Every structure is written in structure tokens, then in C-alpha cells.
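Enquirer: My structure is below; once you've seen it, I'll send some questions.
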Amino acid sequence: MSAGPRERVVRPGLLSRLAVERAARARAGLERRSREIGAREGIAIEVDGQVLRNFCSNDYLGLSQHPEVVAALQECAAWRGVGAGASHLVCGHYREHRELEEAIAEWQGYPRALLFSSGYLANLAVVQTLLREGDLCVQDKLNHASLIDAARLAGAELKRYPHALPDGALRQLRSQPAAAALLATDGVFSMDGDIAPLKILAVLARAENATFYVDDAHGAGVLGPDGCGSVAHSGLSVNEVPLQLITLGKALGGAGAVLVGQAALIEAIADSARPYIYTTALPPALAAAARSALAIARREPWRRFKLAGLVARFRRGAQQIGVGLMDSSTPIQPIVIGSNTAALAAARQLEKAGFFVGAIRPPTVPEGRARLRVTLNALHSEADVDALLDALAGVARRLAGE
Ligand SMILES: *Cc1c(COP(=O)(O)O)cnc(C)c1O
């Protein structure tokens, strides 16, 4: 008996695989790199040394540099210091955290609130607390990556329905009538700007005995009465939406996120969610800053009214110059270009004309749907919007000529 030469198995090297993948991404126009921001004031932003008008930030109400918000942060940091020093359950839970939770709960008309150091972590916490293996997580296909990741991490069965299609949600829920289920959707879709059909989804969730969860990262502060967000805008409250996410890094101009919900839900999450327990609490000064930003947002409704006016002006102007927009009534106004390289070229052309607009490519958006994501801000003037429209007309001409 003679053993033939053993086939030598070659273990693939991780670094060489990364190199191959990176080269392929570069060829497909998919490479990503952060642009370094220098000075910034209002909508003026210095990018790699050039001052541009910023049309890609989520600081919708223009609060991130508000002197009162900055002062709240500085005053708190002056006596608290910077870091919370521990997680909430150890010794990192400060009065500023509680006061912020209470202010957000009161604003939203929800019984309880729980602060997280980011919206990403809050979504992991929600899904992981509620769902186990064998449970069902039904989600809109265009939900934020953190919700998708959350379902995967929880080990639940993730079923995604076609974007904003309640029939699809119902079909997915009915496919597993015996499984405990969470129905989760973004309130405002971050790359499309449209508002989810929350009213119908709430009815479905109730009929199917699924818990309904809305991630309102882009609606809070911007939509609805008192700027409460997409849930209030849709005429819903804690009765139909027992749990929702308000993030602090977008319209409120800070960082962190707050879940608001029925007491039993919030208590369960605070008690057991790993992304709440095993991470350092948000710096208390950031909580103080967020409370200050919320107070300004509420007492200065002109910010969201002005924003709505700018959105209407942008949409009217785009129609006049034949630039096709998506069906969005929010400050997120994407222009679908299609190919990755064309979207990048369009963003570069805008940059040359003095505008900073993001080119969004897969996997953030579906293949073949690369786009310019224009976001409007309460600090923009009508003249800023008109100037951007002029530049977009130039982009459209160039695309048509090619
Ligand atoms: C930005 C965003 C998040 C994440 O929030 P962070 O606080 O930035 O981590 C979650 N969901 C949606 C829909 C978002 O747009």
C-alpha cells in the first residue's frame, strides 16, 4: 500500500484576499474614503482645503454649532470632566443622562426613555432584547444597516419586504403565524427620504400581534407637530408604536440616541441588552448639549418651517430644470444617477462649483441606483438652494451630453 502524495491544502491569507477585494472595489467605483474637514461655520465647510457650501450633513436644524448648545456642553464638561467613566449600570449614569431621558420622553409623549451612546447600538439592543432564535424579524428592504445587522446578531429569522409595501410586510408576517414577531421600519428612509407607511403598518402589526418598532433617526426634530417626528406626523402615538428610536446625531446636532417606549419594554432593554450594559455611557456633557438642542428645536419652530420651505423650493426648482427627484417631502432629496462612476463624477463636478454633496453607492443603496444625496438645512438660504440648482443643471447637461 502506498499513499499517494497528499494534496497540499493552502490556507488563504486574509491580507491577500483583502488586497484583491480592494482592487475590485476600486475598479467598480466603490472605494470609500473620508474627506478631512477643516473649518466649518454654518453651511460653509472646508473640505481638503476648499470652502464649499455643505449639502450633505444631517444637522438638519443647524444646531450642531449653536452657541447655547456649545455652552451647555462646555459648562457641563467644566465640572463633570469628559468621560462618564463607566457604563450606566456601574457608575456612569449621571443626572444629565436622566434629565435628557425625561426631556425626550416628555417631548415624545412616551412613558419612558433610555439613552444609548449611538443609534446603531440602540437598534442592536432592541432586537436582541426582544427576539430569540426562531422568532421573526420583518423589515423594510431599505431599513438602516444597523437594523439589518441587529436581526442577524439576534439569530432571529430576518424577512425583508419590498420597500414601503405593507402587503409585503403582511405576507412576511403571515408566512410564520406561530413565531413571535417584530415589525421594524425606518420612519424616514435615510437614502430615499420618503416616509414609511406607518399608519397601515401599525394596523398590520396589531392584527398580526407583532410588536411595531420605528427607527426615526431622520424624522425626529424635523417632521410632525412639535417636530416630534414621523410617528406623530402620521397621527400615531405610543398606543400604536410602543417603541421608537430618536437619534441625537442628526437634527439635534449632537451624538447618541434615545429609545422611547412603554415602560415594560424600556425596563427589559435596560435590564438585559448587551449594547446597553457592556459599553461606556455617553459623556454627560453630550447629554447636557442634547437637552439644550432639544429646547431650542422646540422653542424655535421656524427652523423646521424654514426647512420645509427650502424643500419645496428645491423640488419646484428641480422640476423646472428637468432634474428628476425621488418621492420625498423631507430634507433628504436624492437624485438617482445610476452608475457608480457617473455619481462620483457628478459629485466632483458639484464640488468644483463649490458644493459638497455626497455620492452614495452600493451597498448603501441598491446596485445601479447610485445617487447624489442632497440634504437641506435650516441654515441654508433660498439663494444657496438656487445656486445648487444652477450647478445641478450643469450636472444634468453633462450627463445628457455623455
Ligand atoms: C444614522 C442612523 C442610525 C444610527 O444612528 P447613530 O447614532 O449615528 O449610530 C440608525 N438608524 C437610522 C435610520 C439612521 O439614519
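The values are calculated or read from the model by the stated rules, or taken from the named source; none is laboratory data. None of these values were measured; they are calculated from a predicted model. Heads up, the Cβs are rebuilt from the backbone with ideal geometry, glycines too, and the neighbour counts pull from every protein chain shown. All accessible areas refer to the heavy atoms of the entire protein, side chains included, with ligands and DNA or RNA removed. Shrake-Rupley method; radii C 1.70, N 1.55, O 1.52, S 1.80 Å.
Enquirer: Please indicate, with yes or no, whether at least one residue in the stretch 85-106 is touching a Ser or Thr at 6+ places or on another chain (Cβ under 7 Å), among the β-branched types (V, I, T) and in contact (Cβ under 8 Å) with a residue 60 or more places away in the chain. Before you say what the answer is, go through the steps one by one.
Expert: The first filter runs over the stretch 85-106 and keeps only residues touching a Ser or Thr at 6+ places or on another chain (Cβ under 7 Å), leaving 86-87, 92.
Add one more test, that the residue is among the β-branched types (V, I, T), and what stays is none.
For the stretch 85-106, residues touching a Ser or Thr at 6+ places or on another chain (Cβ under 7 Å), among the β-branched types (V, I, T) and in contact (Cβ under 8 Å) with a residue 60 or more places away in the chain: absent.
Enquirer: The conditions are (1) modelled with pLDDT of 95 or more; (2) in contact with a strand residue (DSSP E or B) (Cβ under 6 Å, 6 or more places away or on another chain), and N340 fails exactly one of them. Which is it?
Expert: The number of the failed condition is (1).
Enquirer: Continuing with the same structure: Taking S381 as the residue in question, decide whether it is at pLDDT 95 or above, over 22 Å from L142 (Cβ atoms) and among the hydroxyl-bearing types (S, T, Y). Give the derivation first.
Expert: On the way: at pLDDT 95 or above: yes; over 22 Å from L142 (Cβ atoms): yes; among the hydroxyl-bearing types (S, T, Y): yes.
Yes; evaluated as a whole, the condition is true for this residue.
Enquirer: Return the residues of the stretch 266-299 that are of a type outside the set (F, W, Y), open to solvent by 10 Å² or more (accessible area, probe 1.4 Å), farther than 14 Å from E75 by Cα and in a helix (DSSP H, G or I); say none if nothing qualifies.
Expert: Result: E267, A268, A270, D271, S272, R274, P275, I277, A295, A297, R298, R299.
Enquirer: Would you mind stating whether I332 is within 19 Å of H380 (Cα to Cα) and surrounded by 22 or more Cβ atoms within 10 Å (Cβ to Cβ)? Outline the logic, then answer.
Expert: Details: within 19 Å of H380 (Cα to Cα): yes; surrounded by 22 or more Cβ atoms within 10 Å (Cβ to Cβ): yes.
So I332 passes the test.
Enquirer: Tell me, which strands (runs of 3 or more DSSP E) lie completely within the stretch 135-220 with 1 or more residues that are aromatic (F, W, Y) and within 14 Å of the ligand (Cβ to nearest atom)? Steps first, please.
Expert: Details: elements: 136-140, 157-161, 181-186, 211-215.
Because the criterion is at least 1 residues that are aromatic (F, W, Y) and within 14 Å of the ligand (Cβ to nearest atom), the strands (runs of 3 or more DSSP E) in the stretch 135-220 that meet it are 211-215.
Enquirer: Sticking with this structure for a sec: Suppose we filter the stretch 300-335 for residues that are modelled with pLDDT under 95 and in a strand (DSSP E or B); how many remain?
Expert: Total meeting the criteria: 0.
Enquirer: May I pose another question? Give the stretch 254-265 a look and list any residue that's within 12 Å of the ligand (Cβ to nearest atom), in contact with a Phe, Trp or Tyr (Cβ under 9 Å, 6 or more places away or on another chain) and assigned to a loop (DSSP other than H, G, I, E, B), or say none.
Expert: Let us first name the residues in the stretch 254-265 that are within 12 Å of the ligand (Cβ to nearest atom), namely 254-259.
Still in the list and also in contact with a Phe, Trp or Tyr (Cβ under 9 Å, 6 or more places away or on another chain): 256-259.
G256 - this is the single residue of the stretch 254-265 that is within 12 Å of the ligand (Cβ to nearest atom), in contact with a Phe, Trp or Tyr (Cβ under 9 Å, 6 or more places away or on another chain) and assigned to a loop (DSSP other than H, G, I, E, B).
Enquirer: Pick out the one residue from L344, L307, L372, L325 that is surrounded by fewer than 17 Cβ atoms within 10 Å (Cβ to Cβ) and in the same structural domain as R397 (by TED's automatic domain parsing). Even if it seems obvious, please write down each step before you answer.
Expert: On the way: L344 fails: surrounded by fewer than 17 Cβ atoms within 10 Å (Cβ to Cβ); L307 fails: surrounded by fewer than 17 Cβ atoms within 10 Å (Cβ to Cβ); L372 fails: surrounded by fewer than 17 Cβ atoms within 10 Å (Cβ to Cβ).
Result of the check over L344, L307, L372, L325: L325.
Enquirer: Is there any pair linking a residue in the stretch 213-226 that is not assigned by TED's automatic domain parsing to the domain that holds L265 to one that is within 11 Å of the ligand (Cβ to nearest atom), with Cβ under 8 Å and at least six apart or on different chains, and which?
Expert: none
Enquirer: L243 - would you say it is touching a residue at least 40 places away in the same chain (Cβ under 8 Å) and within 17 Å of I296 (Cβ to Cβ)?
Expert: Judged against the criteria, L243 is not a match.
Enquirer: Might you check whether a residue that is under 30 Å from S381 (Cβ atoms) and either part of a helix (DSSP H, G or I) or at pLDDT below 95 (or both) occurs anywhere in the stretch 235-247?
Expert: Looking for residues that are under 30 Å from S381 (Cβ atoms) and either part of a helix (DSSP H, G or I) or at pLDDT below 95 (or both), one finds none in the stretch 235-247, hence no.
Conditions tested, residue by residue: (1) within 16 Å of the ligand (Cβ to nearest atom); (2) within 18 Å of Y278 (Cα to Cα); (3) among the hydroxyl-bearing types (S, T, Y).
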| residue | (1), (2), (3) |
| --- | --- |
| H93 | no, yes, no |
| E99 | no, no, no |
| A103 | no, no, no |
| S118 | yes, yes, yes |
| L124 | yes, yes, no |
| L130 | no, yes, no |
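Enquirer: Test A251 against the stated conditions and say whether it is open to solvent by 40 Å² or more (accessible area, probe 1.4 Å) and either more than 16 Å from the ligand (Cβ to nearest atom) or in contact with a His (Cβ under 9 Å, 6 or more places away or on another chain) (or both). Before you say what the answer is, go through the steps one by one.
Expert: On the way: open to solvent by 40 Å² or more (accessible area, probe 1.4 Å): no; either more than 16 Å from the ligand (Cβ to nearest atom) or in contact with a His (Cβ under 9 Å, 6 or more places away or on another chain) (or both): yes.
No; evaluated as a whole, the condition is false for this residue.
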